[in-house]
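Following: one structure in structure tokens, then a few remarks.
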Amino acid sequence: MSSSERTPGPWHVGPYYKSDIESAQGRIAECGIARGPRADIDAAFIVRACNSHDALLSALKWAQSVMVRHKSFCPANEERGVCNCGMQRIHDAIKAAEAL
């Protein structure tokens, strides 16, 4: 799913019920069946994750390109070259983030 298919951000918790997730277009979702502290915390976490998603994905892609370009030192194999352990973790995170 591309970012153009989801409700545009930024998202925020609702002004009346902190378990509601809203955007400029209106209510997006409600966390939990029952309102309460846990639903409020979950909604705030979802809002924070959604609002930071694009920036985090961009930073990972940048880090990946820097590692390739500068052939980052890899402590796992102590050789000069692309850090395969770090690259794999970055690759897996990017794949998971884009798998929507």
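The values are calculated or read from the model by the stated rules, or taken from the named source; none is laboratory data. Here the structure is a predicted model, which is why all the values come from computation and not from measurement. Don't worry about glycine lacking a Cβ; one is built from the backbone with ideal geometry, like all the others, and counts go over all protein chains shown.
Structure notes:
- Filter result for S52 (polar (S, T, N, Q) and over 19 Å from A93 (Cβ atoms)): no
- Hits in the stretch 67-100 (condition: at pLDDT 60 or above and acidic (D, E)): D92, E98
- Of everything in the stretch 1-23 that is more than 13 Å from D42 (Cβ to Cβ) and among the hydroxyl-bearing types (S, T, Y), the residue that is modelled with the highest pLDDT is S23.
- Single match in A63, A55, A59, A49 (criterion: of a type in the set (A, V, I, L, M, F, W, C), assigned to a helix (DSSP H, G or I) and surrounded by 13 or more Cβ atoms within 10 Å (Cβ to Cβ)): A63
- Close pairs (7 angstrom Cβ cut-off, 6 or more residues apart or separate chains): farther than 30 Å from A24 by Cα in the stretch 51-68, surrounded by 10 or more Cβ atoms within 10 Å (Cβ to Cβ) and at pLDDT below 85 anywhere: A63/I90; Q64/M87; Q64/I90; M67/V82; M67/C83; M67/G86; M67/M87; V68/V82
- Applying the criterion of being surrounded by fewer than 15 Cβ atoms within 10 Å (Cβ to Cβ) and among the aliphatic types (A, V, I, L, M) to the residues of the stretch 29-40, the residue that is nearest to A97 (Cα to Cα) is A29.
- Leading residue by the ranking (nearest to I94 (Cα to Cα)) among those in the stretch 1-28 that are among the aliphatic types (A, V, I, L, M) and exposed (fewer than 13 other Cβ atoms within 10 Å of the Cβ): M1
- Taking (1) modelled with pLDDT of 90 or more; (2) out of contact with any Gly (no Cβ under 9 Å at 6 or more places or on another chain) in turn, N51 satisfies each apart from (2).
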